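Only one structure is covered here, and it is reproduced in the block below.
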Amino acid sequence: MDSSISYNDDEHIESVRSYQYWLASVVLTAQQHLSKAQSLEMAYQETLRNTDIIIKDEGARRLRLRILMLENENDDLHEQLALEDDRIDVLEQESEELRGQLGQAQEDVCQREAELRTHTRELQSLKVGGTLSGVEHTLTLLG
């Protein structure tokens with residue numbers, strides 16, 4: 001055998017062991033990376049779930065706010081309606097009072113017209129009577 005090429009079992013064993021350690025460290029590093037990637041993926045999925053929960057909570061909060069605003073608007077409209085109902089009641093009462101006053105005024109007008117007609121007839125009677133008296137007086141003076 002050639003002396004320049006020598007085969008040493010110890011060197012070979014040491015070389016194989018070094019390779020095994022290196023390979024084990026590479027596998028360990030790959031496993032660590034895989035474990036880290038899995039942890040990051042799980043954290044990402046949890047973050048997505050939390051984000052969905054936050055979005056749903058925000059949607060529910062907005063709906064509650066909208067409901068409160070509509071209830072407030074509804075209360076305002078009920079108050080306005082009650083005020084308008086009260087106003088209508090007052091106007092109806094005033095209308096009834098005015099109708100009563102109008103009826104009384106119409107009765108007064110009818111009574112005054114009747115009195116006026118009576119007075120007019122009496123006045124015409126007096127005028128006619130006065131004219132006849134004047135004619136009789138004139139005839140008496142002439143005769």
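The values are calculated or read from the model by the stated rules, or taken from the named source; none is laboratory data. What you see is a predicted model; the values in this text were computed from it and never measured. Quick reminder, even Gly has a Cβ in these numbers, built from the backbone with ideal geometry, and neighbours come from all protein chains shown.
For the reader, a short list of remarks on this structure follows.
- Search result, residues across region 1-30 that are of a type in the set (Phe, Trp, Tyr) and at pLDDT 70 or above: TYR19, TYR21, TRP22
- Residue within region 131-141 that is β-branched (Val, Ile, Thr), in a helix (DSSP H, G or I) and either exposed (fewer than 10 other Cβ atoms within 10 Å of the Cβ) or at pLDDT 95 or above (or both) present: yes
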